[in-house]
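For reference, the structure is listed below as structure tokens.
The values are calculated or read from the model by the stated rules, or taken from the named source; none is laboratory data. Because the structure is predicted, anything quoted here is derived from the model rather than measured. Neighbour counts are summed over all protein chains in view; Cβ atoms, including those assigned to glycine, are modelled from backbone coordinates with ideal geometry.
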Amino acid sequence: MFRYIFYRIYCLYKFRFKDDIPLVYAIAILTLAQSANIMSFFFMYSSYSNIELKTIINSKTELVIGMVVLITINYLIHVRFFDENKLFIFFERETAKLKKVRGYLAFFYITLSVVLFFYLAVKIGGEAKS
């Protein structure tokens, strides 16, 4: 799933926007969605288990280290071993209809991840103040 999302973001920035660094954008957006999912999980866990988020994540340093690890993993998986031709060959068999549906699902996944993160952050923040 993440490889397909990476592929679609890469193609968007390379072909539609004619950008010089589509790999950077693809890694950044994919990492943003993944980190939003991880943080949403932590928010839900702390909310439903009545454990403060500070006991799960002690400092901003831990968040930064987590993001660096996630970016590094995405870099190694998608860029270090990246072969544009293999990626295109793997996904070129999709029909136009399948490509459209998968594109909407990828967009929905990224949007839902970020919206859920912000919703839970505001909800948890509001509970912490009261």
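Condition check: part of a helix (DSSP H, G or I), at pLDDT below 85 and either among the charged types (D, E, K, R) or under 14 Å from I5 (Cβ atoms) (or both). Does K86 satisfy that? Here the answer is yes, as K86 does meet what is asked. Whether a residue is over 18 Å from the mean Cα position of the chain (by Cα), surrounded by 12 or more Cβ atoms within 10 Å (Cβ to Cβ) and either under 30 Å from I124 (Cα atoms) or not small (G, A, S) (or both) was assessed, and E62 does not pass this test.
For (1) at pLDDT below 90; (2) over 29 Å from E52 (Cβ atoms), each residue gets a yes or a no:
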| position | (1), (2) |
| --- | --- |
| N74 | no, yes |
| I77 | yes, yes |
| K97 | no, yes |
| Y119 | no, no |
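If the condition is being of a type in the set (S, T, N, Q) and under 19 Å from R102 (Cβ atoms), then segment 1-53 contributes Q34, N37. The condition of being surrounded by 14 or more Cβ atoms within 10 Å (Cβ to Cβ), among the small types (G, A, S) and over 17 Å from Y10 (Cα atoms) holds for only one of S35, S49, that being S35. Mind listing whichever residues of segment 97-113 are crowded, with 16+ Cβ neighbours inside 10 Å and β-branched (V, I, T)? Passing the criteria: only I110.
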